[in-house]
Amino acid sequence: MACVVIVGTQWGDEGKGKVVDYYADKADIVVRFSGGNNAGHTVVVKGKKYAFHLMPCGALRGKQLIIGNGVVVDPKVLIEEIDMLKREGITPKLLISERAHVIFPYHRTLDEAEEQFKGKMKAGTTKRGIGPCYEDKAGRFGLRMCDLITKEVFKEKIEHLFTLKEKQIQMYGSKFDFTKEQLLQEYNAYGEKLKDYVCDANLELNNAIDAGKKVLFEGTQGTMLDIDHGAYPVGTSCNVTAGAACTGAGVSPTKINAVVGLTKAYVSRVGVGPLPTELLDETGEYIRKKGAEFGTTTGRPRRVGWLDIPALRYACRVNGISGLAITKLDVLGGLEKVKICTAYNISKKATSEVPPSCELLEQCKPVYKEMKGWQEFEVGKAEEVAKKGYDALPKELKDYVAEVSKLSSTPVYLVSIGPGREETIILKDVFAK
Ligand code: GDP
Ligand code: IMO
Ligand code: MG
């Protein structure tokens, strides 16, 4: 397998950062194809925690990194991540697509203003300007990396757009505290800093694939946040499902060999919107605390719930998932019983499909299957357990994994029992032929 796509099957934060870093050991290239710095991907190496928002998670492995055309780039955040890596003694081998769109301060202001205006319909966004930037892309008001690094073109386009953006912001009753001159000055400096990374990344990537290089496509968010397949309108503003790896990096579907779907052993959600299996009791509190469920990007407490099989089966179908990576199995350790939602009841009618609207999702009453829980791993011992391999795991944990696999009709490729790189067990090597 040479081209492997990693996607979230839930509401984001499934542990994509950890798993991408793990798989990156065997990959040549890691590519981001969707989202922007709404993503927060955590990698923990030797107890040290790194949070990446734009930089692909192969960075700590010294791999070739690509930010594809489907990503919206906040240059300030990307420069901060480059600098952070440099301080760690790593010079990232980064290529940025000249076709990737740029996030401007007015996008952040509009993000805030739109959310306020939407009221009940808001998504609880990360306020990073992601939605307004994708709106500009679709509306053809966007500026791309190729514009940012060409000073005259950039100035001309900003001159033209700035009044419109000011008007939009005023329309929402908001204020924009940037002058055109300030924006030009700040962004010209970013363009200078980034210009050497900007190129026809699509050409480089396709050449590498043709030369037999192993490529990991690092998804962002999760299937339930996808603009088409997620819980509209409370998801994000772009496609994040497997097909987006092709459109967001400029690679043909015929080149993709496998899709790995990330799922936590339970579910979590930052932001608003329906979460059918949400736990509002002390079990939920236990999971949130033990799983350190606080947003990597915004620090907001994440809502948590039991594993949702209808959503997982849906994600398997929409993404064509070849195998699952199940993370955070350690977090459920210590619970006497664990539950899996196998179906929903909507107005007393059972369904195993995810309904299209938030109104219907809100009405979903989960049907649970109860299973025996497993013992907690001793503090600091998960790595040791992982070294012994899958068979050494508690029987009840393996029964749980087998049940998830059976209910989702999908094999399990990887299990994760801690945030650290080594707290991982492989059941099937994704890059094996
Ligand atoms: P991403 O957005 O999908 O990359 O996920 P995040 O990094 O936002 O959130 C996942 C969190 O869970 C991070 O703090 C990870 O360090 C942590 N994590 C990942 N896998 C495991 C695991 O198996 N066990 C535990 N306890 N933590 C994990
Ligand atoms: P990673 O890649 C979890 C959520 C926000 C909000 C909605 C829209 O770390 O899994 P946006 O700022 O994109 O317009 O917000 O989507 N959201 C995420 N939740 N993980 C993420 O990324 C997310 N990116 C966006 O909380 O509900
Ligand atoms: Mg995250």
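Lysine pairs in segment 162-287 whose alpha-carbon atoms fall under 12 angstrom of each other, counting only those eight or more residues apart or on distinct chains, come to 5. Partner aspartates and glutamates whose Cα lies under 13 Å from the Cα of K398, excluding those fewer than 8 positions away in the same chain, are identified as D330.
Using the eigenvalues of the Cα gyration tensor, what equivalent ellipsoid semi-axes result for segment 362-433 when each is taken as the square root of five times the eigenvalue, whole Å, largest first?
24, 18, 12
Note on N257 and S409: with the Förster distance fixed at 25 Å, the Cβ-Cβ geometry gives a FRET efficiency of about 0.80. Only aspartates and glutamates eight or more places from K337 in sequence, or on another chain, were considered; those with a Cα closer than 13 Å are E370, E376, E396, D399. The alpha carbon convex hull volume per residue for segment 55-129 rounds to 102 Å³. Only Cα sites of segment 2-104 enter the Debye sum here, all with the same form factor; the resulting log10 I(q)/I(0) across q = 0.14 1/Å is -0.49, listed in q order.
Annotation: the residues D28, D21, D281, sorted from fewest to most other C-beta atoms within 10 Å of their own C-beta, follow the order D281, D28, D21.
Eigenvalues of the alpha-carbon gyration tensor of the chain, scaled by 5 and square-rooted, set the equivalent ellipsoid semi-axes at 36, 26, 19 angstrom, largest first.
A crude spin-label estimate for the pair E204 and S357, with each label 7 Å from Cα along the Cβ direction, gives 4.7 nm.
For the pair D25 and T179, a Förster radius of 45 Å applied to the C-beta separation gives a FRET efficiency near 0.45, rounded to the nearest 0.05. Once the Cα-Cα distance is subtracted from the 0.36 nm per residue extended length, the V272 to K195 segment shows a gain of 24.0 nm.
Cβ crowding within 10 Å ranks V5, V415 as V415, V5, fewest other Cβ atoms first. Please give the residues of segment 347-380, grouped as numeric ranges, whose backbone N is less than 18 Å from a label point set 7 Å along the Cα-to-Cβ vector of A402. Zone members listed by number: 369-375.
Within the straight-line cut-off of under 16 Å between alpha carbons, the lysines reachable from K381 are K46, K290, K328, sequence neighbours fewer than 8 places apart in one chain being disregarded. Taking the square roots of 5 times each eigenvalue of the Cα gyration tensor of segment 101-197, largest first, gives ellipsoid semi-axes of 24, 14, 11 Å. Inverting the pair-averaged 1/r between distinct Cα atoms of segment 39-186 gives 16.7 Å as its Kirkwood hydrodynamic radius. Taking the Cα centre of the chain as reference, the dipole from Cβ charges on Lys and Arg (+1) and Asp and Glu (-1) amounts to some 480 debye. Per-residue ellipticity at 222 nm computed for the chain from its helices equals -10500 deg cm²/dmol, with DSSP H segments shorter than 4 residues left out and the rest contributing -39,500 (n - 2.57). Close amide H pairs (under 5 Å, H built 1.01 Å from N) link G323 with V259, G261, residues at least 5 positions away or on another chain.
Here the Karplus relation 6.51 cos²θ - 1.76 cosθ + 1.60, evaluated at θ = phi - 60°, turns the backbone of segment 11-28 into coupling constants of 9, x, 6, 7, x, 4, x, 4, 6, 4, 4, 5, 5, 4, 3, 9, 8, 9 Hz, with x for every Gly and Pro. The Cα center of segment 102-171 and the Cα center of segment 44-81 differ in position by 23 Å.
Where a number appears in this text, it was derived from the coordinates with a stated rule and is not lab data. Small disclaimer: the values here were computed from a predicted structure and weren't measured. Counting neighbours? That spans all protein chains shown, and the Cβs are built from the backbone with ideal geometry, glycine included.
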